[in-house]
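The structure under discussion appears below in the form of structure tokens.
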Amino acid sequence: MPVRNYIALAIPFFLVAMGVELGAARARRRSVYRLGDALADLGCGIGQQVVLVFAGALLLEGYAWVHDHAGLVTWRSAAVPWVVAFVWVDFAYYWWHRLSHEVNVLWAGHVVHHQSEDYNLAVALRQSILTSYTVWPFYLPLALVGVPTVVYAAAVSFSTLYQFWIHTELVGKLGRAEAVLNTPSHHRVHHAVNPRYLDRNYGAISIVWDRLFGTFVEEREAPVYGTTRPIGSFNPAWAQVHGLVEIARKARALPRRRDRLRMWFASPGWNPAGGPPPTEAELRARARYDVPLPLALRAYAALHFAPLIAATFLMLLWQYTAPRAPMAAAGVLVAWTLVSVGALLDGKRWGVAAEMGRLVALGVAVVAWKPLGLGGAALGAMAVVVVVGSGAWLLSAVSPRANVTSA
């Protein structure tokens, strides 16, 4: 039985749901989305999925190998493996999630999901390129007890899909369901940095494990979102590596070698060379990261980011059938876009040069691939129009009056 990519199939639903959330927020006269933060969220998710296009099969192949060569159980009932998979995935996710908040090297990946200072459905898609690999060993016991690969993959996908809808401020408490299920209220606590909320509510679908193991806290006061020390960037490429860079920076500042090694496996809160964590009052007074950009530049960033969603969707659908060379070229262009558009959203002048280079590379790629079936002259003319037009728009948007920083 083939393994379906449920995440790819759900992408249109994600976009529709975010549009509904945006409309509902405006109807309530609330602002839950900011362009830079939302594009950073989506960019992190795109980066994760593009990496999985090229390396995700290794996870399934590794699981299948363990199942075929080391599986200890053969199930007579087709239903039992599904029950075992759903219960274990929920239980294993809780412990992986909890350890990802307690062990620095795991937190370096998972922190990507917590960097946003907003809380909306786009945040659900803000994922690390590392976490699919760090969580995999926690699910591997399913292979040992004979759960088929397709059942394992479906259980993980459904767990991931469930967690999408709980990333919203617009849904209040849900009565009796709060006792058993992870809900938006419970998960808002998890994303908060208020001292009382910090490192709580790790559940995926069920909140029972948190109640059982003493990590449950009920939502009361308004949450403050983000991390205790903000990343200060809308660049999704920087977001993916920031956690590792930060741990290395902290380790380098320690005088003793054993402490430098310990830094990678200690709690994220362990930092002998740093100061105390911020207080509740400091967190509430903290301004969210933002960069004032002219409307033309914001529109440029949004318009040139949008095709990444379609490209990622198609790459996920074609990952097992498309030729490797065009897929690799598409992956490079996606990564390049995340870096250059992210730099523009941060107001970095080097982002202009990176983006101009990307436009040229995109034009060359289109002419070389001929995706529209047009002749060389027609396609070349179209590429020139797009590259020159976009370049002129960009240079106009970042003119001296555009308030773009020089860093």
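The values are calculated or read from the model by the stated rules, or taken from the named source; none is laboratory data. If you're wondering where the values come from, they're calculated on a predicted model, not measured in any experiment. Heads up, the Cβs are rebuilt from the backbone with ideal geometry, glycines too, and the neighbour counts pull from every protein chain shown. Accessible surface areas use protein heavy atoms only, side chains included; no ligands, DNA or RNA. Shrake-Rupley method; radii C 1.70, N 1.55, O 1.52, S 1.80 Å.
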_Failed item in (1) modelled with pLDDT under 90; (2) among the small types (Gly, Ala, Ser); (3) under 25 Å from residue 231 (Cβ atoms), with residue 399 passing the rest_ = (3)
_Segments classed as helices (runs of 4 or more DSSP H), wholly inside segment 171-252, with at least 3 members that are open to solvent by less than 20 Å² (accessible area, probe 1.4 Å)_ = 184-191, 236-252
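Is it the case that residue 34 is crowded, with 17+ Cβ neighbours inside 10 Å, more than 13 Å from residue 148 (Cβ to Cβ) and among the basic types (Lys, Arg)?
yes
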*For segment 253-287, what are the residues that are touching a helix residue (DSSP H, G or I) at 6+ places or on another chain (Cβ under 8 Å) and either touching a residue at least 60 places away in the same chain (Cβ under 8 Å) or assigned to a loop (DSSP other than H, G, I, E, B) (or both)?*
254, 263, 264, 265, 266, 267, 268, 270, 271, 272, 273, 274
*Residue check, residue 356 against (1) under 20 Å from residue 50 (Cβ atoms); (2) surrounded by fewer than 17 Cβ atoms within 10 Å (Cβ to Cβ), all met but one. Which one?*
(1)
_Residue, surrounded by the most Cβ atoms within 10 Å (Cβ to Cβ), within segment 57-93, restricted to residues that are of a type in the set (Ser, Thr, Tyr) and more than 30 Å from residue 230 (Cβ to Cβ)_ = 63
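Of a type outside the set (Lys, Arg) and without any contact (Cβ under 8 Å) to a residue 60 or more places away in the chain: does that describe residue 184?
Values: of a type outside the set (Lys, Arg): yes; without any contact (Cβ under 8 Å) to a residue 60 or more places away in the chain: yes.
The answer is yes for residue 184.
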_Please go through segment 94-129 and give me each residue that is in a helix (DSSP H, G or I) and open to solvent by 30 Å² or more (accessible area, probe 1.4 Å), ordered by number._
95, 98, 99, 105, 106, 107
_Unique residue being surrounded by fewer than 16 Cβ atoms within 10 Å (Cβ to Cβ), modelled with pLDDT under 95 and under 22 Å from residue 35 (Cβ atoms) when the list is 324, 349_ = 349
_All positions within segment 145-162 that are open to solvent by 20 Å² or more (accessible area, probe 1.4 Å), part of a loop (DSSP other than H, G, I, E, B) and of a type outside the set (A, V, I, L, M, F, W, C)_ = 148
_Residue check for residue 138: part of a helix (DSSP H, G or I), at negative phi, touching a residue at least 24 places away in the same chain (Cβ under 8 Å) and not acidic (Asp, Glu)_ = yes
*Determine which member of the set 241, 245, 291 is touching a strand residue (DSSP E or B) at 6+ places or on another chain (Cβ under 9 Å), among the β-branched types (Val, Ile, Thr) and closer than 30 Å to residue 340 by Cα.*
291
*Looking for whichever is closer than 26 Å to residue 5 by Cβ and surrounded by 15 or more Cβ atoms within 10 Å (Cβ to Cβ) here; the options are 306, 335. Which one fits?*
335
